[in-house]
Amino acid sequence: MGGKEMSQITEIAPDVFKISTFISEVNIQFNQFLVKDEEPLLYHTGMKGLFPIVNEAVSKLIDPTTLRWIGFSHFEADECGALREWQRLAPNATAICSFVSKMVSVDDVVADRPARALEDGEVLVTGKFRFKFLQTPHVPHAWDAGHLFEENSRTLLCSDLFHQNGEVEAVTKSDIVSRFKEMLIEYQEGPFANYLPYTTKTEKILGRLADLQPKTIAPMHGSTYVGDGESAILDLAQAMKEVLAGSV
Ligand SMILES: [Fe+2]
Ligand SMILES: [Fe+2]
């Protein structure tokens, strides 16, 4: 990152804003989501190096010192690398993540103060929004993985699921699974091979996410999808099976 990147802000659902920065060296967008509510929530911090850019974007939407919750799927730099920077800026910002994330990595490595572990099925109310936490071990990857689903707007914050490479549009109603599948095939042939595991639990976990019937699917990398989220997740499950489990 040369510090020249610009972020793009797009409202993907009422009061849910996508902050997207395209890093050309790796041909990937890094997306964070800022939810405006009585208790504002940021989903994904981005890496430490992105902090000034993300902070600038968040500052256009809210007073960043009022941030209350910082959520993410699993312990990785693009998910929570700048957690400490955010917590030093926002005195009441608390990380929310899985019990495993908190115990195994987050509290020791990257948090300025203890995270709040969410139980599977627990709902965090931030005002008008209700975020349900789903524990999803190894989906998209990592033992500690989880997902947040906002029940009123039916928005699934889906981390690395539906990852699409390139400088793609902010929001689309067109299929994004074919782009996701292209990325999987491309990654299998390079240093990022086996990016996502396909385990004995993958299909069941994705089925549980599909049952939520999201209307908006918000990946960390690539376009947000608006449409029939249940079908999209089932299609994604099939694509993962074909590429990663080696069966058609
Ligand atoms: Fe990841
Ligand atoms: Fe990621």
State which residue is farthest from the chain's Cα centre (by Cα) when the search covers only region 37-70 and only residues that are closer than 19 Å to Ser98 by Cα and crowded, with 20+ Cβ neighbours inside 10 Å.
Trp69
Ala193 fails exactly one of (1) surrounded by fewer than 18 Cβ atoms within 10 Å (Cβ to Cβ); (2) closer than 17 Å to Lys18 by Cα; (3) hydrophobic (A, V, I, L, M, F, W, C), namely (2)
Qualifying residues in region 142-163 (those that are surrounded by fewer than 22 Cβ atoms within 10 Å (Cβ to Cβ) and more than 13 Å from the chain's Cα centre (by Cα)) - the one nearest to ligand 2 (Cβ to nearest atom)
Trp143
Which ranges mark the strands (runs of 3 or more DSSP E) fully within region 126-167 that have 2 or more residues being touching a Lys or Arg at 6+ places or on another chain (Cβ under 7 Å) and modelled with pLDDT under 95?
none
Selection status of Thr155, free of Cβ contacts under 8 Å to residues at least 24 places away in the same chain and more than 16 Å from ligand 1 (Cβ to nearest atom)
no
Residue among Glu79, Glu25 that is crowded, with 20+ Cβ neighbours inside 10 Å, within 16 Å of ligand 2 (Cβ to nearest atom) and among the charged types (D, E, K, R)
Glu79
As an exercise: evaluate Ile96 against (1) under 17 Å from Leu236 (Cβ atoms); (2) among the β-branched types (Val, Ile, Thr); (3) not in a loop (DSSP other than H, G, I, E, B) and give the number of the one condition it does not meet.
(1)
Scan region 206-224 residue by residue and report those that are more than 16 Å from ligand 2 (Cβ to nearest atom) and within 13 Å of the chain's Cα centre (by Cα).
Thr216
Restricting to region 3-32, and then to whatever is closer than 15 Å to Gly46 by Cα and aliphatic (A, V, I, L, M), can you tell me which residue is nearest to ligand 1 (Cβ to nearest atom)?
Ile28
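The values are calculated or read from the model by the stated rules, or taken from the named source; none is laboratory data. These numbers were taken from a predicted model, which means no experiment stands behind them. Quick reminder, even Gly has a Cβ in these numbers, built from the backbone with ideal geometry, and neighbours come from all protein chains shown.
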